[in-house]
Every structure is written in structure tokens, then in C-alpha cells.
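A quick write-up on the structure given underneath.
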Amino acid sequence: MQIRQSTRVMTIIACLAALSIVGRIYTVGIPNVQPSTTIIICVSLVFGIKVGLTLAIITVFGSNLVLGFGPFLIMQLIAWGSVAVVSGLIGKIYKKIPFFILALYSALMGMFFGLMVSLNMLFIGDGLMFVAYYLAGIPFDIYHAIGNFFFFLVLGPIIIKIMEKEKKKLFR
């Protein structure tokens, strides 16, 4: 029974990672708008921190194979990993959250992601460089937040419903 469950979870993660990676690559023409954050949030809410972190790591490395690696990679891992951890904790603590609140949370995580990735400038430069970099990036963080909000409205119900059905199949 355990082997069947782990194979099913790996398959779910692989499919969602493919969706997240392809979504990030194909929306690269729209600055900072991509479905990856929303997908990581949905999966973490339902399956928890471990699966969410796995998806976040695969998304970063898989999409950066095409989009390019750089010093920002570590901060992307930390940012999307943090999104997975917080979302997993929220999913564990609160069972019934109004959908609109989750959409707003998804938007907030877009702003959080931008802040986390901008922290890279503290390591490369100094405090003033970070402030300038972060302020210049705020419009792009807003794009990410708006994109997350709408991706959550469209993809959230579908992904969460499918993930909840899969979770029931795993633990019946």
C-alpha cells in the first residue's frame, strides 16, 4: 500500500511541476506574471509542506533550465519554499477558508515573493542598493500579485478540487 501511495504522490507532483514549469516558461513575455506561485499555494494547502516544498524546488530548477540560472536562484528557492511552508501551515490549521480570502492571500504571496527575491541585493551590494532595486521592482511585484489573484480565481478551484480528490484516494 505504501509503494502505491508514494508512486501516486510522485505522479501528482510530476504533473503539477510540469504545469508549473510550462506555465512559467510560456508566460515569460508578461513580466512577473506566471501561475507557479498559485500552483504551489494550492498544492501546499491540500497536501502540506513536504509536497509543496518538493513542487517549489522542482519548479525553480525545471523552469530555470530554460529561463537561465543566476544568483537569484537561491532566493527563488527560499521565496517559493517559504510560500509552500506558510501555505502548508495555513492548510493544516484552517480547513475552511473563504475562496476570495485565498485569492487575496495568493496576491499577497506575489508581493512577498518579490521582496524575498530582492533580498539578493543585500548579499551582492548594500542596503541602499537593495532599497533602489526593491523600489524599482515594485511594479513587477504588483504584476505578480495581480497575476496570482487571477490565476487563483481560474486555477485555484480546479487544482484544489482535484488535489482533494487525490488526497481522499491516497488515504482511504
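What follows draws every value from the coordinates through simple rules; no lab data is involved. Values in this document were obtained by computation on a predicted structure and should not be read as measured data. No Cβ is skipped: glycine too gets one built from the backbone with ideal geometry, and neighbour counts run over all protein chains shown.
Summary of computed values
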{"item": "Filtered residues of the range 56-75 (kept if closer than 18 Å to Y26 by Cα and under 12 Å from the mean Cα position of the chain (by Cα))", "result": "A56, I58, T59, V60"}
{"item": "Neighbours by Cβ (under 9 Å, 6+ apart or cross-chain): first from the range 146-172, under 19 Å from S20 (Cβ atoms) and in contact (Cβ under 8 Å) with a residue 60 or more places away in the chain; second assigned to a helix (DSSP H, G or I) and basic (K, R)", "result": "E166/R8"}
{"item": "I101 within 24 Å of K168 (Cβ to Cβ) and either in contact with a Phe, Trp or Tyr (Cβ under 9 Å, 6 or more places away or on another chain) or among the small types (G, A, S) (or both)", "result": "no"}
{"item": "Qualifying residues in the range 65-104 (those that are polar (S, T, N, Q) and surrounded by 17 or more Cβ atoms within 10 Å (Cβ to Cβ)) - the one nearest to S44 (Cα to Cα)", "result": "S87"}
{"item": "Candidate set: the range 120-141, residues that are touching a residue at least 40 places away in the same chain (Cβ under 8 Å) and crowded, with 17+ Cβ neighbours inside 10 Å; chosen: the one farthest from L153 (Cα to Cα)", "result": "N120"}
{"item": "Residues satisfying the stated conditions in the range 113-154, i.e. of a type in the set (A, V, I, L, M, F, W, C), within 14 Å of I40 (Cα to Cα) and out of contact with any Leu (no Cβ under 8 Å at 6 or more places or on another chain)", "result": "F113, F151"}
{"item": "Qualifying residue in the range 31-53 (condition: farther than 18 Å from I158 by Cα, part of a helix (DSSP H, G or I), under 16 Å from the mean Cα position of the chain (by Cα) and aromatic (F, W, Y))", "result": "no"}
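Conditions tested, residue by residue: (1) over 24 Å from F150 (Cβ atoms); (2) basic (K, R); (3) free of Cβ contacts under 8 Å to residues at least 24 places away in the same chain.
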{"residue": "S6", "(1), (2), (3)": "yes, no, yes"}
{"residue": "I49", "(1), (2), (3)": "yes, no, no"}
{"residue": "L55", "(1), (2), (3)": "no, no, no"}
{"residue": "L67", "(1), (2), (3)": "no, no, no"}
